[in-house]
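Asks: I am attaching a structure below and will ask some questions about it afterwards.
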Amino acid sequence: MTEATFDRIADQYDEALPAHVVAHYLDKRIDYIARCCPPCRGLDVGCGTGVLAARLATRGYEMTGLDPSAGMLDVMRTEHPEVDAVRGSGDALPFETGSFDLVLTVAALHHIAEPAAVRATLGEMVRVCRSGGRIIIWDHNPGNPYWKLLMARVPQDDGTERLIPKSEVLAGIRAGGGLPLHSQPLGFVPDFTPPALLSAARGFEKIVERTPLVRRLCAHNVVVATAAEQTA
């Protein structure tokens, strides 16, 4: 999807999925990130309207959000002025080497899609992370069969996306000089879950995440890595 398309849908982007399901995944991601890395200087690559970055800011993180879409950033500046907004591309991050303690991207790589750009983005994320910092990639799992159905009916997906295998993420991190620490499949609450059943869905999700073989069907692959010592 082009930047112009994201500009056009920016005002409706946050309403594309049911609010209670969005809140579930937002809470899940915030808690996970906090366990991996305490409050620090953070960069959200492909931040969209800045909802995740803003929540991290309320937890004490000093957040910068980067996105190629001016429309998305306009929403973020209005709704979440506590996050520094920077327009730019993930494959050429406009920051010095080692600028951040935490560099993350959530549900953005599949929009970048093109293999060379995905690898370049992962390499840039490693580059701008300080030595010993944390890099977190949280993106759609190609092994989950529901994604194609969901992506066919949300405005931010137009068919140009490519779901990125975990092996490609790990290879890109290593190619950029990063060291993967651990990875796991997470998430199994679909968008059609009624509010009254959310608690039960959360419980079932935990079972799926802990069950060998079955957990390969989780909605997302999550990779945590660190940056080795770098020179400017």
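Asks: Only strands (runs of 3 or more DSSP E) wholly contained in the stretch 113-232 count here; list those with 2 or more residues that are surrounded by fewer than 15 Cβ atoms within 10 Å (Cβ to Cβ). Walk me through it before giving the result.
Replies: Values: elements: 129-140, 178-186, 220-227.
Ranges flagged: 129-140, 178-186.
Asks: Can you tell me which residue in the stretch 98-156 is nearest to the chain's Cα centre (by Cα), limited to those that are closer than 15 Å to Y25 by Cβ and of a type in the set (F, W, Y)?
Replies: W138
Asks: Still on this structure, please answer the following. Does G65 meet the test of being of a type in the set (G, A, S) and either over 25 Å from R119 (Cβ atoms) or in contact with a Gly (Cβ under 7 Å, 6 or more places away or on another chain) (or both)?
Replies: Spelling it out, G65 is indeed of a type in the set (G, A, S) and either over 25 Å from R119 (Cβ atoms) or in contact with a Gly (Cβ under 7 Å, 6 or more places away or on another chain) (or both).
Asks: Kindly evaluate M1 against the criterion of being at pLDDT 95 or above, surrounded by 16 or more Cβ atoms within 10 Å (Cβ to Cβ) and within 29 Å of A152 (Cβ to Cβ).
Replies: Working: at pLDDT 95 or above: no; surrounded by 16 or more Cβ atoms within 10 Å (Cβ to Cβ): yes; within 29 Å of A152 (Cβ to Cβ): yes.
No: the conditions fail for M1.
Conditions tested, residue by residue: (1) surrounded by fewer than 18 Cβ atoms within 10 Å (Cβ to Cβ); (2) at pLDDT 95 or above; (3) outside any strand (DSSP E or B).
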{"site": "Y13", "(1), (2), (3)": "no, no, yes"}
{"site": "Y25", "(1), (2), (3)": "no, yes, yes"}
{"site": "I30", "(1), (2), (3)": "yes, yes, yes"}
{"site": "R35", "(1), (2), (3)": "yes, yes, yes"}
{"site": "P38", "(1), (2), (3)": "yes, yes, yes"}
{"site": "M63", "(1), (2), (3)": "no, yes, no"}
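Asks: If I ask for residues that are at positive phi and of a type in the set (A, V, I, L, M, F, W, C), which ones from the stretch 113-162 would you list?
Replies: First, pick out the residues of the stretch 113-162 that are at positive phi: 113, 132, 159.
Correct list: A113 only.
Asks: Still on this structure: Taking the stretch 66-85, which residues are in a helix (DSSP H, G or I), touching a residue at least 12 places away in the same chain (Cβ under 8 Å) and either touching a strand residue (DSSP E or B) at 6+ places or on another chain (Cβ under 6 Å) or surrounded by fewer than 24 Cβ atoms within 10 Å (Cβ to Cβ) (or both)?
Replies: Initially, the stretch 66-85 is screened for residues in a helix (DSSP H, G or I), giving 70-79.
If we keep only those that are touching a residue at least 12 places away in the same chain (Cβ under 8 Å) too, we end up with 70-76, 79.
Listed by number, the residues that qualify are A70, G71, L73, D74, V75, M76, E79.
Asks: Spot the failing condition for G172; the list is (1) at pLDDT below 95; (2) in contact with a Lys or Arg (Cβ under 9 Å, 6 or more places away or on another chain), and only one is missed.
Replies: Result: G172 passes all but (1).
Asks: Tell me, yes or no, whether the stretch 78-90 has at least one residue that is at pLDDT 95 or above and closer than 20 Å to R174 by Cα.
Replies: yes
Asks: Right, here's the next one. Taking the residues in the stretch 99-112 that are within 17 Å of V86 (Cα to Cα) and small (G, A, S) as candidates, determine which candidate is surrounded by the most Cβ atoms within 10 Å (Cβ to Cβ).
Replies: Of the stretch 99-112, the ones within 17 Å of V86 (Cα to Cα) are 99-100, 102-106, 108.
Pick out the ones that are also small (G, A, S) and you get 99, 108.
Numbers: S99: 17, A108: 22.
Only one residue fits best here, namely A108.
The values are calculated or read from the model by the stated rules, or taken from the named source; none is laboratory data. All figures in this text were calculated on a predicted structure; none of them were measured in a lab. Neighbour counts are summed over all protein chains in view; Cβ atoms, including those assigned to glycine, are modelled from backbone coordinates with ideal geometry.
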